[in-house]
Amino acid sequence: LAFKNSFANVRRVEFGNRSYEKIDSYKNLDELIAKIATFSYRKLKSECLDLPEKIFMNHYVEHTPEQAQRYMELKEEAMTQFSQESMVSSTSVLTTMMKLHQINCGHVIDDEGRMVHIPSNRIKGLMELLELIDEKVIIWAHFKEDIRLITQALAEEYGDSAPVHYYGGTTTAERALNLERFKRDPSCRFFVSNETGSKGLTLVQAPYAIYYSYNYNLETWLQSQDRNHRIGQTKNVTYTSIITPKTVDEPIIKALKKKS
(Lines give C-alpha, C1' and ligand atoms only; values in the text may rest on other atoms or scores of the structure.)
Protein backbone atom coordinates (compact mmCIF):
# COMPACT_ATOMS: atom_id res chain seq x y z
CA LEU A 1 0.00 0.00 0.00
CA ALA A 2 2.83 2.38 0.87
CA PHE A 3 4.55 1.61 -2.44
CA LYS A 4 1.31 2.20 -4.37
CA ASN A 5 0.62 5.50 -2.64
CA SER A 6 4.15 6.80 -3.10
CA PHE A 7 5.13 5.55 -6.53
CA ALA A 8 2.06 4.51 -8.57
CA ASN A 9 -0.79 6.33 -10.30
CA VAL A 10 -3.82 4.10 -9.87
CA ARG A 11 -7.35 4.16 -11.25
CA ARG A 12 -10.31 1.89 -10.58
CA VAL A 13 -11.50 -0.14 -13.56
CA GLU A 14 -15.02 -1.56 -13.82
CA PHE A 15 -15.23 -4.94 -15.54
CA GLY A 16 -18.77 -6.34 -15.63
CA ASN A 17 -19.87 -6.77 -12.03
CA ARG A 18 -16.32 -6.55 -10.77
CA SER A 19 -13.80 -3.79 -10.33
CA TYR A 20 -10.10 -3.60 -9.62
CA GLU A 21 -7.31 -1.07 -9.24
CA LYS A 22 -5.03 -0.73 -12.24
CA ILE A 23 -1.62 0.93 -12.23
CA ASP A 24 -1.60 3.41 -15.12
CA SER A 25 1.90 4.77 -14.61
CA TYR A 26 4.63 5.33 -12.06
CA LYS A 27 5.80 8.48 -10.30
CA ASN A 28 8.66 9.72 -8.11
CA LEU A 29 11.04 7.32 -9.84
CA ASP A 30 14.15 9.25 -8.80
CA GLU A 31 13.15 8.78 -5.18
CA LEU A 32 12.48 5.05 -5.75
CA ILE A 33 15.84 4.56 -7.46
CA ALA A 34 17.59 6.31 -4.57
CA LYS A 35 15.84 4.06 -2.03
CA ILE A 36 16.87 0.79 -3.70
CA ALA A 37 20.35 1.96 -4.78
CA THR A 38 21.95 0.95 -1.48
CA PHE A 39 20.59 -2.60 -1.86
CA SER A 40 21.41 -3.21 -5.52
CA TYR A 41 24.26 -3.23 -8.00
CA ARG A 42 23.64 -3.37 -11.73
CA LYS A 43 26.02 -3.94 -14.60
CA LEU A 44 24.99 -4.53 -18.20
CA LYS A 45 26.46 -7.45 -20.11
CA SER A 46 27.92 -4.97 -22.60
CA GLU A 47 29.90 -3.34 -19.78
CA CYS A 48 31.44 -6.62 -18.61
CA LEU A 49 32.02 -8.68 -21.74
CA ASP A 50 33.77 -7.99 -25.01
CA LEU A 51 31.30 -9.74 -27.31
CA PRO A 52 30.81 -9.43 -31.09
CA GLU A 53 27.96 -7.40 -32.55
CA LYS A 54 24.30 -8.32 -32.77
CA ILE A 55 22.80 -7.80 -36.22
CA PHE A 56 19.01 -7.70 -36.62
CA MET A 57 17.27 -8.34 -39.93
CA ASN A 58 13.77 -9.03 -41.25
CA HIS A 59 12.79 -11.50 -43.94
CA TYR A 60 9.37 -10.88 -45.48
CA VAL A 61 6.99 -13.54 -46.79
CA GLU A 62 3.61 -12.85 -48.37
CA HIS A 63 0.28 -14.51 -47.59
CA THR A 64 -1.07 -17.17 -49.89
CA PRO A 65 -4.60 -16.40 -51.15
CA GLU A 66 -6.04 -18.88 -48.62
CA GLN A 67 -4.12 -17.25 -45.77
CA ALA A 68 -5.19 -13.77 -46.80
CA GLN A 69 -8.86 -14.83 -46.82
CA ARG A 70 -8.65 -16.56 -43.43
CA TYR A 71 -6.75 -13.63 -41.96
CA MET A 72 -9.31 -11.04 -43.09
CA GLU A 73 -12.22 -13.19 -41.92
CA LEU A 74 -10.80 -13.54 -38.41
CA LYS A 75 -9.78 -9.88 -38.26
CA GLU A 76 -13.24 -8.67 -39.31
CA GLU A 77 -14.92 -11.09 -36.90
CA ALA A 78 -12.77 -9.85 -34.03
CA MET A 79 -13.35 -6.18 -34.87
CA THR A 80 -17.11 -6.76 -34.98
CA GLN A 81 -17.00 -8.51 -31.60
CA PHE A 82 -14.85 -5.81 -30.00
CA SER A 83 -17.08 -3.02 -31.33
CA GLN A 84 -20.09 -4.59 -29.58
CA GLU A 85 -18.40 -4.82 -26.18
CA SER A 86 -18.31 -1.94 -23.72
CA MET A 87 -14.86 -2.98 -22.54
CA VAL A 88 -12.31 -5.15 -24.30
CA SER A 89 -9.77 -6.97 -22.13
CA SER A 90 -6.10 -7.08 -23.10
CA THR A 91 -6.31 -10.87 -22.89
CA SER A 92 -8.96 -10.94 -25.63
CA VAL A 93 -6.88 -8.71 -27.86
CA LEU A 94 -3.69 -10.73 -27.35
CA THR A 95 -5.55 -14.01 -27.95
CA THR A 96 -6.86 -12.65 -31.25
CA MET A 97 -3.41 -11.44 -32.26
CA MET A 98 -1.92 -14.85 -31.53
CA LYS A 99 -4.61 -16.52 -33.66
CA LEU A 100 -3.82 -14.12 -36.50
CA HIS A 101 -0.13 -14.90 -36.07
CA GLN A 102 -0.96 -18.62 -36.22
CA ILE A 103 -2.67 -18.06 -39.57
CA ASN A 104 0.52 -16.33 -40.76
CA CYS A 105 2.36 -19.53 -39.83
CA GLY A 106 -0.05 -21.69 -41.82
CA HIS A 107 -2.22 -23.31 -39.17
CA VAL A 108 -5.01 -22.48 -36.75
CA ILE A 109 -7.16 -24.27 -34.16
CA ASP A 110 -10.81 -24.25 -35.23
CA ASP A 111 -13.86 -23.87 -32.93
CA GLU A 112 -13.95 -27.63 -32.37
CA GLY A 113 -10.33 -27.74 -31.23
CA ARG A 114 -8.97 -29.32 -34.39
CA MET A 115 -5.72 -28.30 -36.06
CA VAL A 116 -6.40 -26.84 -39.52
CA HIS A 117 -3.50 -26.34 -41.92
CA ILE A 118 -3.54 -23.48 -44.42
CA PRO A 119 -1.28 -23.25 -47.49
CA SER A 120 1.56 -20.95 -46.44
CA ASN A 121 4.82 -19.44 -47.69
CA ARG A 122 6.41 -19.41 -44.23
CA ILE A 123 8.35 -22.67 -44.53
CA LYS A 124 9.41 -21.65 -48.03
CA GLY A 125 10.68 -18.34 -46.64
CA LEU A 126 12.65 -20.17 -43.96
CA MET A 127 14.25 -22.48 -46.52
CA GLU A 128 15.19 -19.48 -48.69
CA LEU A 129 17.02 -17.99 -45.71
CA LEU A 130 18.84 -21.23 -44.94
CA GLU A 131 20.08 -21.54 -48.53
CA LEU A 132 22.23 -18.47 -47.83
CA ILE A 133 23.76 -19.89 -44.63
CA ASP A 134 26.40 -22.61 -44.46
CA GLU A 135 26.80 -22.59 -40.66
CA LYS A 136 24.77 -23.79 -37.70
CA VAL A 137 21.45 -22.05 -37.05
CA ILE A 138 19.05 -21.77 -34.12
CA ILE A 139 15.41 -21.58 -35.21
CA TRP A 140 13.01 -20.19 -32.60
CA ALA A 141 9.29 -20.88 -32.86
CA HIS A 142 6.43 -20.16 -30.49
CA PHE A 143 3.90 -22.82 -31.56
CA LYS A 144 4.53 -26.54 -31.14
CA GLU A 145 3.04 -27.19 -34.57
CA ASP A 146 5.68 -24.88 -36.04
CA ILE A 147 8.44 -26.97 -34.46
CA ARG A 148 6.96 -30.13 -35.97
CA LEU A 149 6.60 -28.59 -39.43
CA ILE A 150 10.06 -27.01 -39.36
CA THR A 151 11.80 -30.19 -38.20
CA GLN A 152 9.99 -32.21 -40.86
CA ALA A 153 10.91 -29.77 -43.65
CA LEU A 154 14.57 -29.63 -42.57
CA ALA A 155 14.84 -33.42 -42.42
CA GLU A 156 13.37 -33.72 -45.92
CA GLU A 157 15.72 -31.09 -47.35
CA TYR A 158 18.95 -31.71 -45.45
CA GLY A 159 18.60 -35.25 -44.09
CA ASP A 160 17.33 -36.75 -40.84
CA SER A 161 20.54 -35.94 -38.97
CA ALA A 162 20.45 -32.21 -39.77
CA PRO A 163 17.77 -30.94 -37.31
CA VAL A 164 17.21 -31.54 -33.61
CA HIS A 165 14.35 -30.18 -31.51
CA TYR A 166 14.24 -28.98 -27.91
CA TYR A 167 10.78 -28.18 -26.53
CA GLY A 168 8.02 -29.60 -24.31
CA GLY A 169 7.60 -32.61 -26.58
CA THR A 170 11.29 -33.53 -26.28
CA THR A 171 12.01 -36.03 -23.51
CA THR A 172 14.72 -35.32 -20.93
CA ALA A 173 16.98 -37.95 -22.46
CA GLU A 174 16.39 -36.59 -25.96
CA ARG A 175 17.17 -33.05 -24.83
CA ALA A 176 20.61 -34.01 -23.54
CA LEU A 177 21.35 -36.03 -26.68
CA ASN A 178 20.05 -33.35 -29.07
CA LEU A 179 22.00 -30.60 -27.31
CA GLU A 180 25.22 -32.61 -27.46
CA ARG A 181 24.67 -33.49 -31.12
CA PHE A 182 24.14 -29.85 -32.06
CA LYS A 183 27.34 -28.85 -30.28
CA ARG A 184 29.56 -31.71 -31.49
CA ASP A 185 28.18 -33.19 -34.72
CA PRO A 186 29.00 -31.20 -37.90
CA SER A 187 26.08 -32.85 -39.72
CA CYS A 188 23.62 -31.48 -37.13
CA ARG A 189 23.08 -27.91 -38.30
CA PHE A 190 19.68 -26.83 -36.98
CA PHE A 191 18.50 -26.43 -33.39
CA VAL A 192 14.70 -25.93 -33.37
CA SER A 193 13.27 -24.73 -30.08
CA ASN A 194 10.79 -22.52 -28.25
CA GLU A 195 10.83 -20.84 -24.82
CA THR A 196 11.87 -24.21 -23.35
CA GLY A 197 15.37 -23.69 -24.75
CA SER A 198 15.52 -19.93 -24.28
CA LYS A 199 17.22 -20.02 -20.86
CA GLY A 200 20.42 -21.54 -19.56
CA LEU A 201 21.74 -23.17 -22.73
CA THR A 202 25.02 -22.25 -24.42
CA LEU A 203 24.72 -22.49 -28.19
CA VAL A 204 27.67 -20.44 -29.41
CA GLN A 205 28.23 -22.93 -32.23
CA ALA A 206 25.50 -21.05 -34.13
CA PRO A 207 26.20 -17.48 -35.30
CA TYR A 208 22.69 -17.28 -36.74
CA ALA A 209 19.23 -17.33 -35.17
CA ILE A 210 15.92 -17.18 -37.02
CA TYR A 211 12.62 -16.25 -35.37
CA TYR A 212 9.99 -18.23 -37.26
CA SER A 213 7.16 -17.32 -34.88
CA TYR A 214 7.08 -15.36 -31.64
CA ASN A 215 5.04 -14.06 -28.72
CA TYR A 216 4.89 -10.98 -26.49
CA ASN A 217 7.16 -12.33 -23.74
CA LEU A 218 10.08 -9.90 -23.53
CA GLU A 219 12.11 -12.18 -21.27
CA THR A 220 11.87 -15.05 -23.79
CA TRP A 221 12.85 -12.66 -26.58
CA LEU A 222 15.94 -11.37 -24.77
CA GLN A 223 16.99 -14.67 -23.21
CA SER A 224 16.77 -16.48 -26.55
CA GLN A 225 19.16 -13.94 -28.07
CA ASP A 226 21.69 -14.69 -25.35
CA ARG A 227 21.88 -18.41 -26.11
CA ASN A 228 24.43 -17.77 -28.85
CA HIS A 229 25.56 -14.26 -27.87
CA ARG A 230 27.69 -15.06 -24.84
CA ILE A 231 31.22 -15.99 -23.80
CA GLY A 232 32.68 -18.29 -26.45
CA GLN A 233 31.03 -16.58 -29.41
CA THR A 234 33.69 -15.18 -31.75
CA LYS A 235 31.47 -14.14 -34.69
CA ASN A 236 28.85 -11.47 -35.14
CA VAL A 237 25.42 -12.95 -34.41
CA THR A 238 22.64 -12.37 -36.95
CA TYR A 239 19.01 -12.52 -35.80
CA THR A 240 16.39 -12.67 -38.55
CA SER A 241 12.66 -12.37 -37.94
CA ILE A 242 10.32 -13.88 -40.54
CA ILE A 243 7.47 -11.39 -41.04
CA THR A 244 4.33 -11.26 -43.13
CA PRO A 245 4.02 -7.54 -43.98
CA LYS A 246 0.99 -5.47 -42.94
CA THR A 247 -0.09 -8.09 -40.38
CA VAL A 248 0.21 -8.60 -36.61
CA ASP A 249 3.78 -9.83 -37.11
CA GLU A 250 4.97 -6.23 -37.43
CA PRO A 251 3.38 -4.82 -34.24
CA ILE A 252 4.47 -7.89 -32.24
CA ILE A 253 8.13 -7.33 -33.16
CA LYS A 254 7.74 -3.58 -32.71
CA ALA A 255 6.23 -4.09 -29.24
CA LEU A 256 9.08 -6.40 -28.20
CA LYS A 257 11.69 -3.88 -29.30
CA LYS A 258 9.81 -1.07 -27.56
CA LYS A 259 9.61 -3.07 -24.32
CA SER A 260 13.38 -3.50 -24.46
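The values are calculated or read from the model by the stated rules, or taken from the named source; none is laboratory data. Predicted, not measured: the structure shown is a model, and the values here were computed from it. Heads up, the Cβs are rebuilt from the backbone with ideal geometry, glycines too, and the neighbour counts pull from every protein chain shown. Protein only, heavy atoms only, side chains kept; ligands, DNA and RNA dropped before computing areas. Shrake-Rupley method; radii C 1.70, N 1.55, O 1.52, S 1.80 Å.
Looking at (1) of a type outside the set (Asp, Glu); (2) touching a residue at least 24 places away in the same chain (Cβ under 8 Å); (3) over 24 Å from Arg230 (Cβ atoms); (4) open to solvent by less than 70 Å² (accessible area, probe 1.4 Å), find the lone condition where Ala8 falls short.
That leaves (2) as the condition not met.
I need a count of the residues in the stretch 63-91 that are polar (S, T, N, Q), at pLDDT 80 or above and open to solvent by less than 70 Å² (accessible area, probe 1.4 Å).
Total meeting the criteria: 2.
What do you reckon, is Tyr208 among the aromatic types (Phe, Trp, Tyr), over 15 Å from the mean Cα position of the chain (by Cα) and either modelled with pLDDT under 95 or open to solvent by 30 Å² or more (accessible area, probe 1.4 Å) (or both)?
For Tyr208, the condition - among the aromatic types (Phe, Trp, Tyr), over 15 Å from the mean Cα position of the chain (by Cα) and either modelled with pLDDT under 95 or open to solvent by 30 Å² or more (accessible area, probe 1.4 Å) (or both) - is met.
Scan the stretch 11-26 for residues that are open to solvent by 100 Å² or more (accessible area, probe 1.4 Å) and either more than 16 Å from Ser89 (Cβ to Cβ) or part of a strand (DSSP E or B) (or both) and jot them down.
Residues satisfying the conditions are Arg11, Arg12, Glu14, Arg18, Tyr20, Tyr26.
Restricting to the stretch 237-246, what's the tally of residues that are surrounded by 20 or more Cβ atoms within 10 Å (Cβ to Cβ) and assigned to a loop (DSSP other than H, G, I, E, B)?
So the answer is 1.
Output the number of residues of the stretch 29-38 satisfying the condition of being within 33 Å of the chain's Cα centre (by Cα) and open to solvent by 70 Å² or more (accessible area, probe 1.4 Å).
Looking only at that region, the number is 4.
Exactly one condition in (1) open to solvent by 90 Å² or more (accessible area, probe 1.4 Å); (2) within 30 Å of Val116 (Cβ to Cβ) is false for Met57; which is it?
(2)
Mind counting the residues in the stretch 178-187 that are farther than 21 Å from Thr220 by Cβ, touching a residue at least 12 places away in the same chain (Cβ under 8 Å) and part of a helix (DSSP H, G or I)?
Adding up the residues that qualify gives 2.
What do you reckon, is Ala34 touching a strand residue (DSSP E or B) at 6+ places or on another chain (Cβ under 7 Å) and among the small types (Gly, Ala, Ser)?
no
Is there any pair linking a residue in the stretch 141-165 that is open to solvent by 30 Å² or more (accessible area, probe 1.4 Å) to one that is modelled with pLDDT under 95 and of a type in the set (S, T, N, Q), with Cβ under 7 Å and at least six apart or on different chains, and which?
Close Cβ pairs (under 7 Å, with a partner that is modelled with pLDDT under 95 and of a type in the set (S, T, N, Q)) amount to His142/Asn215.
Which residues, counting only those in the stretch 166-204, are hydroxyl-bearing (Ser, Thr, Tyr) and either open to solvent by less than 60 Å² (accessible area, probe 1.4 Å) or touching a helix residue (DSSP H, G or I) at 6+ places or on another chain (Cβ under 7 Å) (or both)?
Listed by number, the residues that qualify are Tyr166, Tyr167, Thr170, Ser187, Ser193, Thr196, Ser198, Thr202.
Looking for whichever is among the small types (Gly, Ala, Ser), farther than 16 Å from Pro207 by Cα and loosely packed, with under 12 Cβ neighbours inside 10 Å here; the options are Gly113, Gly125. Which one fits?
Going through Gly113, Gly125 in turn, just one is among the small types (Gly, Ala, Ser), farther than 16 Å from Pro207 by Cα and loosely packed, with under 12 Cβ neighbours inside 10 Å: Gly113.
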